[in-house]
1. Within the stretch 42-142, considering only strands (runs of 3 or more DSSP E) that don't extend past its boundaries, which have at least 2 residues that are under 20 Å from LYS285 (Cβ atoms)?
2. List the number of the failed condition for GLY177; all other conditions in (1) surrounded by fewer than 14 Cβ atoms within 10 Å (Cβ to Cβ); (2) on the phi > 0 side of the Ramachandran plot; (3) part of a strand (DSSP E or B) hold.
3. Where residues in the stretch 194-213 are touching a Lys or Arg at 6+ places or on another chain (Cβ under 9 Å) and touching a residue at least 40 places away in the same chain (Cβ under 8 Å), which of them is surrounded by the fewest Cβ atoms within 10 Å (Cβ to Cβ)?
4. Kindly indicate the residue of the stretch 91-117 that is among the basic types (Lys, Arg) and out of contact with any Leu (no Cβ under 7 Å at 6 or more places or on another chain) and also surrounded by the fewest Cβ atoms within 10 Å (Cβ to Cβ) among those meeting that condition.
5. Restricting the search to the stretch 149-173, which residues are surrounded by 19 or more Cβ atoms within 10 Å (Cβ to Cβ) and either farther than 20 Å from LEU288 by Cβ or more than 17 Å from the chain's Cα centre (by Cα) (or both)?
6. Just one of (1) out of contact with any Ser or Thr (no Cβ under 9 Å at 6 or more places or on another chain); (2) in contact (Cβ under 8 Å) with a residue 40 or more places away in the chain; (3) charged (D, E, K, R) trips up GLU283, so point out which.
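Every read-out reported here was derived from the displayed coordinates using simple, explicitly stated rules and does not represent laboratory data. The shown structure was predicted, so the numbers you read here are calculated from the model rather than taken from an experiment. All Cβ positions, glycine included, derive from the backbone under ideal geometry; neighbour counts span all protein chains shown.
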Amino acid sequence: MEKVSFGGETLLRWRVGHSTFLALPEKGARLMNWNVALGDGSVRDVLYWPEDADLANIAHVRGGNPILFPFNARTFDQGDIHYWRAKDGVRRPMPMHGIARQGLFKITQADAAGFTALYLPDDEATEAYPYDYEFAVRYRFESLGLICELTLRNLGSEPLPWSAGHHFYFTLPWTEGLKRSDYAIRIPASQRFRHAPTGMLVPGPNLREIETFTNPELVDAIHTGLRDNTIIFGEPGHAGDVVIALGTEKVPHADAAIVTWTQSADAPFYCVEPWMGPPNAPEHKRGLHYVAPGNAETFSVAIRIK
C-alpha cells in the first residue's frame, strides 16, 4: 500500500499481483479504480474512473464503486420521493442511494491487502437514519479480484432496517476495437422488475438469461429470484470474464437483486449492481432486512476476473 497525492487529496494505492487498486476511503469509502496488467504489457481498466473527476464532490462522480446505505436508489413514502417511513410511523428524509456515498469515513485498518473504513454520520445522516449503529466497509484485494463486505452493527435497543448495495461502474468495452454488442451478460434471474414513479415495483422486461449489452431493456432492470449467486459478463469465447458472487450462499435470498444500468448508449461504462433487495425496500418490504439489537449483519460481494 502506498499514498498518492492527487487533486488535493491523499489517495491510497494497492498493487496486489496483477491488479492495482486506487481508493479514497475517507470519502464515501470509495474504491475509485481497479486495473489489471495483462500478459502483453497492456493495462485493462476493470472499474471505470473519469479523468476529470471532481474529488471535492466525489459522491456524484460516475465511477468506481459508490456504497449505497442504508437503502438503494430512490425511497418513497406514499408516492413522495426521497422519504421513508419506519415502523414507528415517522416520515424521514432519505437522499438518493442513501447517506454513505456522500459521507465521511474513518480508516480503522489498512494493510497490504486492503482496508476497513467506519462511517461517521453527520447531522443530515442522523436525521435520515436516527439509530445507534456502526456501519463499516471492508475491502480485501486479490491478484485478480476483490471482496467487499458491508457490515451493520446494532448498538441500540430496536431492530435496524437496511437494504444496502453497490454501484460498480465497470469499464465497457474493455478491448480496443470492440463494441458493446461484442459483450454479453448472464444473470440467472426468475423475476424482473422496473421501479415505477410511485415507488412501487412493476413487472419488468422479458429478458433471456444471457443478453448482449446493446439490449436497451437491460437499462434500469431489476433482476431478482436468482437461481444462483453468480453473474458473469464478458466477451463470449474469450478469457477475462467478470464474475460477481452476490453473497456467500450458493442461492441468494429470494429478494436479492442485480440492477443493470448505464447512462447512455455510448457511455464508457456499464453498471452491474449487487443489492440486498430492490429499491424502496422500506415501503414494499422486498429485500428489507433487520439487524437485532446487539447483533451485526454483513452483506458480502466478491468480484473476480476469469
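1. 83-85, 91-93
2. (3)
3. Looking only at the stretch 194-213, we keep the residues that are touching a Lys or Arg at 6+ places or on another chain (Cβ under 9 Å), and these are 195, 199, 201-207, 209-213.
Filter once more, keeping what is touching a residue at least 40 places away in the same chain (Cβ under 8 Å): 195, 199, 201, 213.
Details: HIS195: 21, GLY199: 22, LEU201: 19, PHE213: 21.
Taking the candidates together, the pick is LEU201.
4. Among those that are among the basic types (Lys, Arg) and out of contact with any Leu (no Cβ under 7 Å at 6 or more places or on another chain), it is ARG91.
5. First pass over the stretch 149-173, keeping only residues surrounded by 19 or more Cβ atoms within 10 Å (Cβ to Cβ): 150, 152, 154, 160-172.
Scanning the stretch 149-173 gives ASN154, LEU160, PRO161, PHE168, TYR169, PHE170, THR171, LEU172.
6. (1)
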